[in-house]
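Here's the structure, in structure tokens; my notes come after.
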Amino acid sequence: MSAIKIESFGGVIPRLGARLLPNNAGQTADNAQLFSGELRSWKKLGLINTPTKGGALKSMYRMYSGATDYWLSWLDDVDLVRGPIAGDTSFKVYFTGDLSTGTNYSAGPRKTNLALTTAGTGQDYPKDFLEMGMPAPGAAPVVVGTGGTATTSISRVYIYTYVSSTASWAEEGPPSPYGTGTGRTDAGWTISGLSTGTTGKYQFGGGIKRLYRALSDNAGNTNYQLALDNLAMATASADDAITDANLGVICPSFTLGVVNSEWVAPPSDLTGIVAMPNGIFAGFSGNNVCFSEPFYPHAWPIRYRLATDYPIVSLGVYGQTLIVTTKGFPYAISGSRPDAMSMRRIEENHPCVSKRSTVSFPFGVMWATPDGLALAGVGGALNAIDSFMKRDEWRAQCYPDTLIAHQFQNVYFGFFNDGTQDLNFIFDKTNEQGPLTFGNFGAQGAWNDPESGKLYLLKNGTIYEWEADTINRAPFDWRSKIFVLPRPVNMGAFEIQAAYADLDLNTSVLASATALDIATNTGILGTGAIDTANLIAWSASTSYAIGDIRKGSSGDIMLYGLQAGTSSATEAAYPGTLGGTATDGTVKWKRIWDLGGVTKGDNRGHILRNHIQYTTADPAFDGTAGNQWGIMLRGSLLVGGTYAAYD
């Protein structure tokens, strides 16, 4: 007896013809979750937040305080890392790629914390930030020794540094030019001409200056040691009466005799910041790989830089190895200290065609090339997707130049645009059942929260969580290979093995949700004469939860709470169309229904009927044309539907 049996479900292999596929592979595997070998669907996305920032958002990050989340968003391709600072409770983060400019700042690497991010009103986070590095004072100190009775004269050499607000950052910058002066050994020393700050976003308020003096030990080694600490930023002159024996610590932001050891700010075009072990940050500028001072992410000494042959595109990290992708050959850099990094060129040529396609995994780094998906790890670099797609299929189906990617559960999630729509593919190199599937979960940005492990997507300016809808699942499409039997066969029956109990459970969950929707709608629409009577009006400075339904104070607009928070003191200007959103203090409302007049929302004999009149050409339920809209409560229009479609 002839039979076709599919015991497990696999992904697609576009490089093979439909008849040549393995028995478990599919010609099509769209939105299919195949990690288990069973045919399952993905849960739909769950709406998390709609940032107020206008434009096409590309990047996001979540800060929090207690149970309150603050979603940072950018219009640019921003890379962000958490500060490696022991005991930090202020949520310090450092980021590159923000191209926005202002009155006293230009595009460049930046830093912020929770206080700066949330300063002021509104939800356009981050509200404020600082430049990542610290500047050097511009003026050399003027050193004068006066008085004294000794017959011997000496020379003294001084430098000084800026230190940002000691209350929140306390980051020390590179030293000023040195100043020298001569006086008797018992002279009084005055150091003047000190700079008092510079323009830019550095948070000098609450900051200080530190004055260092050169001192040589018995072995002939010279260092700059602390003479005066906690000088106010506005101080331009100070007296130094400290003896050599009482000088303090050696200046950390400069090593005398070591070229380019100063703790300078990162290059203004630093891009692609990533975190490495041992408190080291890395980024790139042109074809230079730059490293920070360990545990001092504001300091990027020039002596730590390494150059590549080709312009750098992106960075990725696995273990203690930094993978550098370029427009030519990739590089691997390893080491435990920035002054002892070893760089080698990977001889396999895998040029990166999309910076945002680069994803770091515990086993290596993956990125898009013209030929496929490169993977650099312990054994070198290879085309990880070559067994499934050749160059032609890769370029025709995955559009690598547009690729945006992130990892979720150590699986590569790629999002691309085919010229007309945003789509995705999922590649799990460890899954023997179905490594490659496609889908229509398009996105313009992606981020994996390292604390929760959740994957978030940016779609059309809104933040969604992957697999967050507990009720609804995405439809999937799986199509088998073409089976060729040795002779013509008329199949008489087929059997499908499925978890039918799960289907019954889903039906029960949906029924419960529908019942809740009906009860909510009935409460809203339960009066027979005035359609707004059962709705509570909006009020100022009031706490609202997600799902709260209110009417505007004018009585003709119905609102649905999308985001919990507290309303402002003044009522917001609501959107002019159904489905539009408005920010009200920290609450976000969605306009879901018009209550005024009789064209929409009239419930005089029509709300609880099974009739919808779309145009005056439709027969009116009560004989009056053109002014009634009936609503079937069993259809859950208000709460369970897509409200904008009913305007």
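The values are calculated or read from the model by the stated rules, or taken from the named source; none is laboratory data. Everything numeric in this text was worked out from a predicted model, so none of it was measured. As a convention, Cβ positions derive from the backbone with ideal geometry for all residues, glycine included, and neighbour counts pool all protein chains shown. In case anyone asks, the SASA skips ligands and DNA or RNA and just uses the protein heavy atoms, side chains included. Shrake-Rupley method; radii C 1.70, N 1.55, O 1.52, S 1.80 Å.
Anything in the range 141-155 that is under 50 Å from the mean Cα position of the chain (by Cα) and open to solvent by less than 40 Å² (accessible area, probe 1.4 Å)? List them, or say none. Listed by number, the residues that qualify are Pro141, Val143. If the condition is being open to solvent by 70 Å² or more (accessible area, probe 1.4 Å), among the hydrophobic types (A, V, I, L, M, F, W, C) and closer than 17 Å to Phe494 by Cβ, then the range 4-21 contributes only Ile4.
Of the strands (runs of 3 or more DSSP E) lying entirely inside the range 402-502, the ones with 2 or more residues being open to solvent by 70 Å² or more (accessible area, probe 1.4 Å) are found at 477-480. Only one of the numbered conditions (1) assigned to a loop (DSSP other than H, G, I, E, B); (2) touching a strand residue (DSSP E or B) at 6+ places or on another chain (Cβ under 7 Å); (3) not small (Gly, Ala, Ser) is not met by Pro22, and that is (2). Counting only residues that are more than 35 Å from the chain's Cα centre (by Cα) and either outside any loop (DSSP other than H, G, I, E, B) or closer than 24 Å to Thr103 by Cα (or both), the range 161-179 holds 1 of them. Checking each residue in the range 254-279 for being out of contact with any strand residue (DSSP E or B) (no Cβ under 6 Å at 6 or more places or on another chain), of a type in the set (S, T, N, Q) and open to solvent by 20 Å² or more (accessible area, probe 1.4 Å) picks out Thr255, Asn260, Ser268, Asn278.
Here Arg19 qualifies as over 31 Å from the mean Cα position of the chain (by Cα) and basic (Lys, Arg). The set of residues in the range 280-303 being open to solvent by 40 Å² or more (accessible area, probe 1.4 Å), part of a loop (DSSP other than H, G, I, E, B) and either free of Cβ contacts under 8 Å to residues at least 24 places away in the same chain or touching an Asp or Glu at 6+ places or on another chain (Cβ under 8 Å) (or both) consists of Gly286, Asn287. When the range 376-401 is filtered for residues that are surrounded by 23 or more Cβ atoms within 10 Å (Cβ to Cβ) and over 23 Å from the mean Cα position of the chain (by Cα), the ones remaining, listed by number, are Ala376, Ala381, Ile385, Met389, Trp394. Val274 passes every criterion in (1) touching a residue at least 60 places away in the same chain (Cβ under 8 Å); (2) on the phi > 0 side of the Ramachandran plot apart from (2).
For the range 238-261, the criterion of being within 30 Å of Thr96 (Cβ to Cβ), in contact with a helix residue (DSSP H, G or I) (Cβ under 6 Å, 6 or more places away or on another chain) and of a type outside the set (S, T, N, Q) is met by no residue. For the range 97-154, the tally of residues that are touching a residue at least 60 places away in the same chain (Cβ under 8 Å) and of a type in the set (A, V, I, L, M) stands at 5. Applying the condition of being under 31 Å from the mean Cα position of the chain (by Cα) and not small (Gly, Ala, Ser) to the range 22-39 and asking which residue is surrounded by the most Cβ atoms within 10 Å (Cβ to Cβ) yields Leu34. Candidates in the range 542-585 are the residues that are part of a loop (DSSP other than H, G, I, E, B) and hydrophobic (A, V, I, L, M, F, W, C); of these, the one that is farthest from the chain's Cα centre (by Cα) is Ala569. The strands (runs of 3 or more DSSP E) located wholly in the range 180-253 that include 3 or more residues which are touching an Asp or Glu at 6+ places or on another chain (Cβ under 9 Å), farther than 15 Å from Pro135 by Cα and open to solvent by less than 60 Å² (accessible area, probe 1.4 Å) occupy 188-192, 208-216, 222-232. The listed residues are Ser342, Ser357, Ser336, and the only one of them that is hydroxyl-bearing (Ser, Thr, Tyr), surrounded by fewer than 19 Cβ atoms within 10 Å (Cβ to Cβ) and touching a residue at least 12 places away in the same chain (Cβ under 8 Å) turns out to be Ser336.
Here Leu562 meets the list (1) at pLDDT below 80; (2) out of contact with any helix residue (DSSP H, G or I) (no Cβ under 9 Å at 6 or more places or on another chain); (3) among the hydrophobic types (A, V, I, L, M, F, W, C); (4) surrounded by 14 or more Cβ atoms within 10 Å (Cβ to Cβ) almost entirely, failing just condition (1).
Taking the condition modelled with pLDDT under 80 and of a type in the set (S, T, N, Q), does Thr527 pass? So Thr527 fits the description; yes. Of the residues making up the range 40-96, those that are part of a strand (DSSP E or B), open to solvent by less than 50 Å² (accessible area, probe 1.4 Å), out of contact with any helix residue (DSSP H, G or I) (no Cβ under 9 Å at 6 or more places or on another chain) and under 27 Å from Gly561 (Cβ atoms) are Gly46, Asn49, Ser59, Met60, Tyr61, Arg62, Trp71, Ser73, Trp74.
Here the range 79-135 is the region considered, the condition is being of a type in the set (S, T, N, Q) and within 19 Å of the chain's Cα centre (by Cα), and the residue that is farthest from Ala569 (Cα to Cα) is Thr96. Among the residues making up the range 25-39, those that are part of a loop (DSSP other than H, G, I, E, B) and not charged (D, E, K, R) are Ala25, Asn31, Leu34, Phe35, Ser36, Gly37, Leu39. If the condition is being open to solvent by 40 Å² or more (accessible area, probe 1.4 Å) and either at pLDDT below 80 or under 17 Å from Gly580 (Cα atoms) (or both), then the range 530-547 contributes Ile530, Ala533, Asn534, Ile546.
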